[in-house]
Structures are given as structure tokens and as C-alpha cells.
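Encoded as C-alpha cells, the structure appears first; notes follow it.
The values are calculated or read from the model by the stated rules, or taken from the named source; none is laboratory data. The model shown is predicted, which means the values in this text are computed figures rather than measured ones. Cβ: placed from backbone, ideal geometry, glycine included. Neighbour counts: every protein chain shown.
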Amino acid sequence: MYTGKNIFVQQRDNGVVELVFDVQDSTVNIFNDQTISDLSEALTAIESAPHIQGLLVRSAKDSFIAGADIKEFGPIFTQGPEKVEALLNRSNSNFNRLEALDFPVVVAINGFALGGGCEVALACDYRIASSKARIGLPEVRLGIMPGWGGSVRLPRIAGIETAVEWIVTAKDQQAGAALKSGVIDGVVDSDQLDASACKVLQQCIEGKLNYRARRQQKQEPLKHNQTELTMSFTTCKAMVEAQAGRHFPAPLTAVMAMEKSAKMIRDDALKVEAEAFIQLTQTPVASALVGIFLNDQLVVKKAKSLAKLSNKPLNKSAVLGAGIMGGGIAYQSAYKGIPIKMKDINQSGVDLGLSEAKKLLIKQVEKGRLSINDMGDTLNRIEPTLHYDGFTDVNIVVEAVVENSKVKQSVLSELENYVTADTVITSNTSTISIDHLAKALQRPENFCGMHFFNPVPAMPLVEIIRGSKTSDSTIAATVAYANAMGKKAIVVRDCPGFLVNRVVFPYFIGFSMLVRDGADFQYVDKVMERWGWPMGPAYLLDVVGLDTGVHAESVMAQGFPKRMQRDFTSAADIMFKAGRLGQKNGKGFYQYEMDKKGRLQKRTTEESYELIKPHISVAQTFTEEQIIARMMIPMATELARCLEEGVVASPAEADMALIYGLGFPLFRGGLFRWLDHLGIDKFCKMVEPYKALGSLYKVTSGMERLCQSNGQYYPVEEV
């Protein structure tokens, strides 16, 4: 009946027609411009065809529809409200036409039905899903909300509470949960999906199921009275506002749109939804979150491409140095199905590593993500040892001993005698030069950095550090291992601190200089947390460990003496010398105590202020703008240097490294995207008053060129 590029329509038995999504040159179905055009043409063919009794909507792929093509639609947001409205109108017209056909429509949902995929399913009369299906509306993750009828149809199908929960949490739901919520009407095994959907369709055709009543319900106002609506939405808004916070407007905007349109018919409600959607697309938050989505895709695609170049198997791995970090690495490898040896020189270290792995696995069992049997199988993939026996069977080794170059070189040199000539050796160093460590090796081409972030299971980033003698095959194999562990691998060039630590220590230096100049460290923390960081610099140093911070800062100072060498005693130095190590011993800038639930809580302590006081000339009050400038300028200029020096390949990878590794505020989209939103000319003006503070407060030559050309880090259409 119809054949487009991404959709075809064909007749089945008994007057049933099927509309099939099958996007060309893609493993998944997506709503791109071509799919929208095809759907319009397919509906025209269906509307004009005689003797149709019912329509089955399905996918020809392993999954239904993954959502909209953000690569294509994201740039439309930058073209203004009219372009966005035109995009909305095209899909809403299609979905309304689907909902208005003269015969019943049943959708068979296999795999993912997300975003637009969920919304087209909501426009159908009945929804039958396979037991492996997942359905949801994840739009708020992009700083927007459902715009193709999701916030209109869902509350009319499943109620206000379900609609609010699905939309504001942006979580995709398992088929069973969706059935319980009333969003879908049946769950069957995958091999029964087509037959079951057709059976439901036949029941509609025979009048056994009243599909027209369902349509009517979706087109009418909600049935609640005004008092019920007010109470329900007041509760929802309070909850959403508290959870989403002031930096993420999409969840609350979506709820307010649902409230505003609750007593409207469908077409009027769709106009309210469209207005709210368009408003959100014009915010910097949407631009930032869409940018993160696209950057993440770039990082993942690049890592997959690199991994494909590896010709080395991943049958077995090893970690040297157990303890918390080694145990975390062993857990992550074993959890993802890769057997791993965990070696330490002391039984106490092995015991600590195993204890860490067990603790992490118990958490997974408690959350229902693992069974007891799965936990046992995972633990069996971790082989604790005090010796190098069997290391000839290992494909890749992660050295994770103490952060001391002499110790690491000694261990690496020893290790090389017990592995094969093609075994990849990596170091989990956080600051020490890979080229320096490679001097201890006979085969430096097999060696690179593999920097995990603590805690290993929670932090997505792994920096893969290429030394000057590292081979391409070594990088490929290491990236493949990081991918297999479920991590986000970003390849960077060797230098002190690599990328993330090289950038974060100027930020800490900015903090040290503020405290030296009389700023209250608690106020600095509050300002930077309001700016969007998950924790302020003093709190972060306590979490990292002040001993670790002081040691790493000394390494960075040696590596970049002109910018990072201090001529004063920092607040972190003072705490460390006083034996205050942060959370690890319960006292740092703050005091730490366990609450009744066993969670570590920070408390203010006057001891910190008394220790710092002799090293401050005069206490001063700084504005929020001054604190933000003095904290962020050093980080921004250092990241720009990394890009200009080729330490990191692109602004996108640099931004994602800070997001994955440091928790850079998501709603700002990354440091380079923040600079683009701010405007490089405004940033250069921001720097001017602080040049006397040193070279960390001077823009780079690349920044100057951008300023002169009125340029930016990302192409205009992506910002």
C-alpha cells in the first residue's frame, strides 16, 4: 500500500493493515525528518484505502522506536520558536490523524519505546508489549518535556500521579510496571507479541473491546473536580520543585502545563503543551543538556571505533594493589563478566580488596540488581593472590599501587617479567607522567595510563593516557577493556595530571588564594554549590583526602611551576599538617560524624578557622560574582591550554571528561559550552581585574583569537 524510506504499509488478513517502522541505515528506529514525512504519507495512503478493518503498528527491528533524532532536531531549537512549533505541528498532526482513523489501532511494542516512540504508542487505542519492552518519556533529561502529546495523553490514560512520575523522573519503565500503571494493556512473551496484538485488534473489530470509548477519554478533560486537581497538582509541584531544584526548569514546567490543560479538550491541551515545550527549548539549560547528549554519543562512538581496532582478546585481566581502589577495579571487571586476578604483597591488602568487592556486591543484591547466585558467580571471577603465578594468561594488567613514582616503577618493572610480550600494562596513576613511569619498562609500547576515578563503580570516566611510545594497539585494547567494564573512555595525551586533575588543581589553587585573601571557606563552598557544583572546594578536598590533595598538588606544582607553584601556605596544607585528613579520619575543613542511619554528616568546626587565622592578613567579604570568577577562571584557562596543546582532542571530549570525572554542573553543559553561552568576549573581560593574581588568571592565545574573531568553541548550530 505504501513504501517509504523509513516506513512501509502492507495488508494482512481479514482487512487488517500493518504500519511498520523500519528506519534505513540504522539499527534502531528513530523519529527524524524522514520518518515524520513517511508517517504523514503512510497515513494518507491508509486514510484513502477502502475496506480497512483495523491497523497494527509495529517495528521491523529488534526494538520499537528509540525516540527523536536529537542530532537532527537539537539544532532546530537554536532557530527560534517558529521552527520548533513547525516541528511539533507535523508530528502532532500525524498522531491526531492516527487517533482519528475510522477503525481500531493496536500497537505491538518490542524493546524500547521512548520519547516519540512512547507518544505514538499513546496515540494508539491499545498497547501490547513484549515482556522485554521498556517504555518511557525521558525528555526532561534534555531540558525539555514531551511535545508530541505525551503530557496530554498520559494523564488521561493512566492518571495524574503516573503521568507526573513518568515525565519528571524520565525513567524508562519495564513492561510489568507499565501494565500495572495502566499505560499498556497487555504483556506477552516476545514470540507471542504479533499474534497477541492481532488478537486484541480482532476483538476491537468484532466489538468486544470499545476502542472508541478509549479515544473519547483521551480527547476529553480529566475527570477530576477542581478541588481534587488543585490538591493533586499542589502536592506534585512541591515534590518536583524540591527534587529538581532551581537549575532544571523542565520537570516543573511539564507539571504546570499538565495542570493548566487538565480541564481542556485534547486539541487545546496540545497547544498548552506546545507553548511550554517551545519555552523550554529556548533556555540555555536545554541547549546544555542536548549538547551533553550529543557529546556523550560522540565519546561513546569514538571509544567503540577505537575498541574495534584491538586485535587482542579480553579473556582475563589483573589488578596490582588491592585495597579500596584495587577492590573497586576488581569488582567492576568481575561484575561485567571479565575474570580478574587481584594481587597484593600483603594478605591484609587482599582481604581489604575482597571486602570492598563484597560490600559493593551486597549493595547490588539489596537493590535487587543481583541474585545471591549472581553475587557468588561474580566473586568467583575475582582471584586473590600474593604471587604472579598464572599472569602469562592475563591480557591486560592495571597497576594500582601507592601513588609514588619509585614504587610504581619498581612494581611495573617486576611485573614485566611475569607477563607475555604482548600483554598490555596500564597504570592507574592520577598525576605521574606515563613517559616517566615507562622508563622502567623494556616494552614501553605496551604501556599506557588507565586512570579510574574513585569510587570506581560510581564514576563513569576512565582517562586513557597515551605516552610518547604507546602503540595504537595498546590504546585500542585498553579502550576495549574500559568499554567492557561499562566505563566512558576518553583518550588524552601524557602530561602532569593528564586532563581532569590538571584542570581541577588550578580550581583548588583559586580556592586557596581566596582563603588566603580572607574569604570564608564555608561561604565559598555555598557559592560554588549554588553555581551548580555537587560540593564546594573545601568539602571536595575533605572527600578526596587532604593528604592526597596536598601530595597531588605538589606533583602538579613541579610539572607546571610557572602557574601552579605557590608562594604561600594554603589552607589545605594547614589542615594536613594539623593531622586533619578530611573524611578519612573524621576531620578536615569540616568535622564528620555518623548519623543514626550510618551516613557520614559534615559539621562546622571552629578548629579549622583557628588553624587558618594566623595565615590570613585580613578577613574580607567577597561577592558571589568575585568568588565564581576567581574559582572558574583558572579552571577555564587551563582547560583551554589542554585543548590548544592537544592533550584532549576536542571541546566535546574535554567537557564530558569534566562531567564524568568531576561532576561539572550538567545544566551548564560543560566548561567550554559554558564559555560559549557566556561569550568569550565577556569571559576575557571577566579575567581583566584578576591578572595580578598570576598566570592562571590570564587568557590563552587561543582564547584571545576567539575573542578577536567573535568565535566560540562549538559550531553555532550546536550551541
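Is it the case that some residue within segment 487-504 is farther than 29 Å from Leu298 by Cβ and touching a His at 6+ places or on another chain (Cβ under 9 Å)?
No, every residue in segment 487-504 fails to be farther than 29 Å from Leu298 by Cβ and touching a His at 6+ places or on another chain (Cβ under 9 Å).
Those residues that are of a type in the set (Ser, Thr, Tyr), under 14 Å from Ser471 (Cβ atoms) and buried (at least 24 other Cβ atoms within 10 Å of the Cβ), I need them from segment 422-453; list them, please.
Thr426
Going by the structure shown, is Lys199 crowded, with 17+ Cβ neighbours inside 10 Å, of a type outside the set (Phe, Trp, Tyr) and either at pLDDT 95 or above or in contact with a strand residue (DSSP E or B) (Cβ under 7 Å, 6 or more places away or on another chain) (or both)? Even if it seems obvious, please write down each step before you answer.
On the way: crowded, with 17+ Cβ neighbours inside 10 Å: no; of a type outside the set (Phe, Trp, Tyr): yes; either at pLDDT 95 or above or in contact with a strand residue (DSSP E or B) (Cβ under 7 Å, 6 or more places away or on another chain) (or both): yes.
For Lys199, the condition - crowded, with 17+ Cβ neighbours inside 10 Å, of a type outside the set (Phe, Trp, Tyr) and either at pLDDT 95 or above or in contact with a strand residue (DSSP E or B) (Cβ under 7 Å, 6 or more places away or on another chain) (or both) - is not met.
Is there any pair with a first residue in segment 636-657 that is at negative phi and a second that is polar (S, T, N, Q) and surrounded by fewer than 24 Cβ atoms within 10 Å (Cβ to Cβ) whose Cβ atoms are under 7 Å apart and which are 6 or more apart or on different chains, and what are they?
Short answer, once both residue conditions are applied: Thr637/Thr700; Ala640/Thr700; Arg641/Thr700; Glu644/Thr700.
Give the residues of segment 176-234 that are among the hydroxyl-bearing types (Ser, Thr, Tyr) and within 29 Å of Asp13 (Cα to Cα), sorted by residue number.
Listed by number, the residues that qualify are Ser190, Ser196, Tyr211.
Could you list, in sequence order, the residues of segment 488-528 that are out of contact with any strand residue (DSSP E or B) (no Cβ under 6 Å at 6 or more places or on another chain), part of a loop (DSSP other than H, G, I, E, B) and of a type in the set (Asp, Glu)?
Those that are out of contact with any strand residue (DSSP E or B) (no Cβ under 6 Å at 6 or more places or on another chain), part of a loop (DSSP other than H, G, I, E, B) and of a type in the set (Asp, Glu): Asp517, Asp520.
Residues to consider are Gln364, Gln332; find the one that is in the same structural domain as Ser410 (by TED's automatic domain parsing), in contact (Cβ under 8 Å) with a residue 60 or more places away in the chain, assigned to a helix (DSSP H, G or I) and not hydrophobic (A, V, I, L, M, F, W, C).
Selected residue: Gln332, the only one of Gln364, Gln332 that is in the same structural domain as Ser410 (by TED's automatic domain parsing), in contact (Cβ under 8 Å) with a residue 60 or more places away in the chain, assigned to a helix (DSSP H, G or I) and not hydrophobic (A, V, I, L, M, F, W, C).
Kindly indicate whether any position in segment 110-130 is of a type in the set (Ser, Thr, Tyr), surrounded by fewer than 24 Cβ atoms within 10 Å (Cβ to Cβ), under 27 Å from the mean Cα position of the chain (by Cα) and not in a helix (DSSP H, G or I).
No; the residues of segment 110-130 include none that is of a type in the set (Ser, Thr, Tyr), surrounded by fewer than 24 Cβ atoms within 10 Å (Cβ to Cβ), under 27 Å from the mean Cα position of the chain (by Cα) and not in a helix (DSSP H, G or I).
Could you check segment 103-143 and list, in sequence order, the residues that are charged (D, E, K, R) and farther than 30 Å from Asp189 by Cα?
Within segment 103-143, Arg141 is the sole residue that qualifies.
Report the residue count in segment 604-626 for those that are surrounded by 10 or more Cβ atoms within 10 Å (Cβ to Cβ) and in contact (Cβ under 8 Å) with a residue 12 or more places away in the chain.
Qualifying residue count, segment 604-626: 12.
Filtering segment 232-261 down to residues that are aliphatic (A, V, I, L, M), surrounded by 22 or more Cβ atoms within 10 Å (Cβ to Cβ) and more than 22 Å from the chain's Cα centre (by Cα), which residue is nearest to Val152 (Cα to Cα)?
Met258
Quick one: in segment 564-599, of everything that is among the charged types (D, E, K, R), part of a loop (DSSP other than H, G, I, E, B) and at pLDDT below 95, which residue is nearest to Ser695 (Cα to Cα)?
Per the stated criteria, the residue is Arg566.
Tell me, please, whether a residue that is surrounded by fewer than 24 Cβ atoms within 10 Å (Cβ to Cβ) and outside any helix (DSSP H, G or I) can be found in segment 138-146. Talk me through it step by step, then tell me what you get.
Step one: list which residues in segment 138-146 are surrounded by fewer than 24 Cβ atoms within 10 Å (Cβ to Cβ), which gives 138, 141.
Checking the rest, the ones that are also outside any helix (DSSP H, G or I) come to 138.
Yes, some residue in segment 138-146 is surrounded by fewer than 24 Cβ atoms within 10 Å (Cβ to Cβ) and outside any helix (DSSP H, G or I).
Consider Asn295 against the criteria (1) crowded, with 23+ Cβ neighbours inside 10 Å; (2) in the same structural domain as Pro81 (by TED's automatic domain parsing): it satisfies all of them except one. Which criterion is unmet?
(2)
Just to confirm my filter: which strands (runs of 3 or more DSSP E) fall fully inside segment 1-81 and include at least 3 residues that are touching a residue at least 60 places away in the same chain (Cβ under 8 Å)?
Working: elements: 7-11, 16-21, 54-59.
Ranges flagged: 54-59.
Which pairs have Cβ atoms under 9 Å, sit 6 or more apart or on different chains, and link a residue in segment 395-416 that is without any contact (Cβ under 8 Å) to a residue 40 or more places away in the chain and more than 18 Å from Pro444 (Cβ to Cβ) to one that is assigned to a loop (DSSP other than H, G, I, E, B) and of a type in the set (Val, Ile, Thr)?
Cβ pairs passing all conditions: Asn404/Ile432; Val407/Val401.
Across segment 50-90, which residue is surrounded by the fewest Cβ atoms within 10 Å (Cβ to Cβ) among those that are closer than 23 Å to Asp125 by Cβ and of a type in the set (Ser, Thr, Tyr)?
Result: Ser63.
Evaluate segment 265-280: report whether one residue or more is in the same structural domain as Lys223 (by TED's automatic domain parsing) and in a loop (DSSP other than H, G, I, E, B).
Within segment 265-280, one or more residues are in the same structural domain as Lys223 (by TED's automatic domain parsing) and in a loop (DSSP other than H, G, I, E, B).
Condition test on Ile184, is it touching a residue at least 24 places away in the same chain (Cβ under 8 Å), closer than 30 Å to Ile52 by Cα and of a type outside the set (Lys, Arg)?
yes
Residues Asn96, Asn29, Asn14: which one is among the polar types (S, T, N, Q) and buried (at least 19 other Cβ atoms within 10 Å of the Cβ)?
From the options Asn96, Asn29, Asn14, the qualifying one is Asn29.
Any chance you could count how many residues in segment 373-398 are assigned to a strand (DSSP E or B), closer than 18 Å to Ile324 by Cα and within 32 Å of the chain's Cα centre (by Cα)?
Filtering segment 373-398 for residues assigned to a strand (DSSP E or B) gives 382-385, 396-398.
Cutting the leftovers down to closer than 18 Å to Ile324 by Cα gives us 382-385, 397-398.
Cutting the leftovers down to within 32 Å of the chain's Cα centre (by Cα) gives us 382-383, 397-398.
Within segment 373-398, residues that are assigned to a strand (DSSP E or B), closer than 18 Å to Ile324 by Cα and within 32 Å of the chain's Cα centre (by Cα) number 4.
Inside segment 585-632, can you point out the residues that are in contact with an Asp or Glu (Cβ under 8 Å, 6 or more places away or on another chain) and charged (D, E, K, R)?
Selection gives Lys587, Lys602, Arg603.
Kindly provide the set of residues from segment 335-361 that are within 25 Å of Met459 (Cβ to Cβ) and in contact (Cβ under 8 Å) with a residue 40 or more places away in the chain, ordered by number.
Scanning segment 335-361 gives Tyr335, Lys336, Gly337, Ile338, Pro339, Ile340, Lys341, Met342, Lys343, Asp344, Leu360.
Report, by residue number, each residue of segment 439-477 that is of a type in the set (Val, Ile, Thr) and farther than 30 Å from Gln583 by Cα.
If the condition is that a residue be of a type in the set (Val, Ile, Thr) and farther than 30 Å from Gln583 by Cα, then Thr470, Thr474, Ile475 are the ones that fit.
Find the helices (runs of 4 or more DSSP H) located wholly in segment 642-719 whose residues include 1 or more that are under 23 Å from the mean Cα position of the chain (by Cα) and farther than 24 Å from Gln626 by Cα, and list them. Lay out the reasoning, then the answer.
Working: elements: 651-662, 671-678, 680-687, 701-709.
Filter on segment 642-719 gives 651-662.
So, Cys204, is that one assigned to a helix (DSSP H, G or I) and either farther than 24 Å from Arg246 by Cβ or more than 27 Å from the chain's Cα centre (by Cα) (or both) or not?
Numbers: assigned to a helix (DSSP H, G or I): yes; either farther than 24 Å from Arg246 by Cβ or more than 27 Å from the chain's Cα centre (by Cα) (or both): yes.
Criteria met by Cys204.
Do we have any residue at all in segment 204-227 that's surrounded by 14 or more Cβ atoms within 10 Å (Cβ to Cβ), within 22 Å of Gly115 (Cβ to Cβ) and in contact with a strand residue (DSSP E or B) (Cβ under 7 Å, 6 or more places away or on another chain)?
For segment 204-227, residues surrounded by 14 or more Cβ atoms within 10 Å (Cβ to Cβ), within 22 Å of Gly115 (Cβ to Cβ) and in contact with a strand residue (DSSP E or B) (Cβ under 7 Å, 6 or more places away or on another chain): absent.
Could you list, in sequence order, all residues of segment 429-444 that are closer than 20 Å to Ala552 by Cα, of a type outside the set (Ser, Thr, Tyr) and touching a helix residue (DSSP H, G or I) at 6+ places or on another chain (Cβ under 7 Å)?
Going residue by residue through segment 429-444, those that are closer than 20 Å to Ala552 by Cα are 429-438.
Those left that are additionally of a type outside the set (Ser, Thr, Tyr): 432, 434-438.
Residues satisfying the conditions are Ile432, His436, Leu437, Ala438.
Which of the residues that make up segment 385-399 are farther than 9 Å from Thr420 by Cα and surrounded by fewer than 18 Cβ atoms within 10 Å (Cβ to Cβ)?
First, pick out the residues of segment 385-399 that are farther than 9 Å from Thr420 by Cα: 385-390, 396-399.
Residues satisfying the conditions are Thr385, Leu386, His387, Tyr388, Asp389, Gly390.
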